[in-house]
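Below is one structure; the comments refer to it alone.
The values are calculated or read from the model by the stated rules, or taken from the named source; none is laboratory data. Nothing here was measured: the structure is a model prediction, and the numbers come from that model. As a convention, Cβ positions derive from the backbone with ideal geometry for all residues, glycine included, and neighbour counts pool all protein chains shown. We work out accessible area using only protein heavy atoms, side chains counted, and drop any ligands, DNA or RNA first. Shrake-Rupley method; radii C 1.70, N 1.55, O 1.52, S 1.80 Å.
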Amino acid sequence: KPNSARAKGKILEKWVAERLRNTGIDKQARQEIGSGSGRFKGDIATKLPITIECKNTKNFQAMAYLRQAEEASMGYQEAVVVWYPPQTALEDSKVFMSWSLFERLLKYLA
């Protein structure tokens, strides 16, 4: 069990980056060096036009975390929050995004 919030966050960041690579969505996806330190924006470095914030916390604050991702995106990318609910499998993580991004994804699938 991780003993700090930072360690918990790193577990989710590693999992998200691995999933992006293993599914072929982005073979170069990786955890952002210094994420959370203010040095770089977002938690995952990816070629995708999105800024990904990863949250592994019990007290999920959807709007605050989405605002954080939006600020990190600086208006150049879509903001996405990945939340790992406590006591669940990583595969049960939830994704929060704007309706416009969700709609574009649905159009792509249709």
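For a test of understanding, tell me how many lysine pairs in the range 21-110 have Cα atoms under 16 Å apart, given they are 8 or more places apart or on different chains.
The number of close lysine pairs in the range 21-110 is 4.
The list (i) 42, 32, 23; (ii) 33, 29, 23; (iii) 42, 27, 27 gives values of Cα extents along the principal axes in Å, and only one came from this structure; which label was calculated from it?
Checked against the structure: label (iii).
Ignoring ligands, DNA and RNA, what accessible area per residue does the chain give at 1.4 Å, in Å²?
Details: 7420 Å² over 110 residues.
Accessible area per residue: 67 Å².
Nearest 0.05, what FRET efficiency do TYR76 and ASN22 give at R0 = 35 Å with Cβ-Cβ as r?
Once the sixth-power term is evaluated, E becomes 0.85.
For THR57, list long-range residues whose amide hydrogen, built 1.01 Å from N in the peptide plane, is under 5 Å from its own amide hydrogen.
Placed amide hydrogens put TYR84 under 5 Å from THR57.
Could you name the aspartates and glutamates whose alpha carbon sits less than 14 Å from that of LYS8, not counting residues in the same chain fewer than 8 places away?
ASP43, GLU53
Each label point is 7 Å from the Cα along the Cα-to-Cβ direction; what then is the distance between the points at PHE60 and LEU109, in nm?
Label-label distance for PHE60 and LEU109, simple model: 1.7 nm.
State the Cα centre-to-centre distance between the range 11-32 and the range 49-77 in whole Å.
Cα centres, the range 11-32 to the range 49-77: 17 Å.
Working out 0.36 nm times the residue gap between ARG30 and ARG67, then minus their Cα-Cα distance, what length gain in nm do you get to one decimal?
Going from the current span to full extension adds 11.1 nm.
Find out how many positive minus negative residues lie around GLU91, taking Lys and Arg as positive, Asp and Glu as negative, among other residues whose Cβ is under 13 Å from that of GLU91.
So the environment of GLU91 carries a net charge of 0.
Loop only per DSSP, at most 12 neighbouring Cβ atoms within 10 Å: give me the trypsin sites (Lys or Arg not before Pro) in the range 24-99, ordered by residue number.
Loop-located and lightly packed - LYS27, ARG39, LYS47, LYS58.
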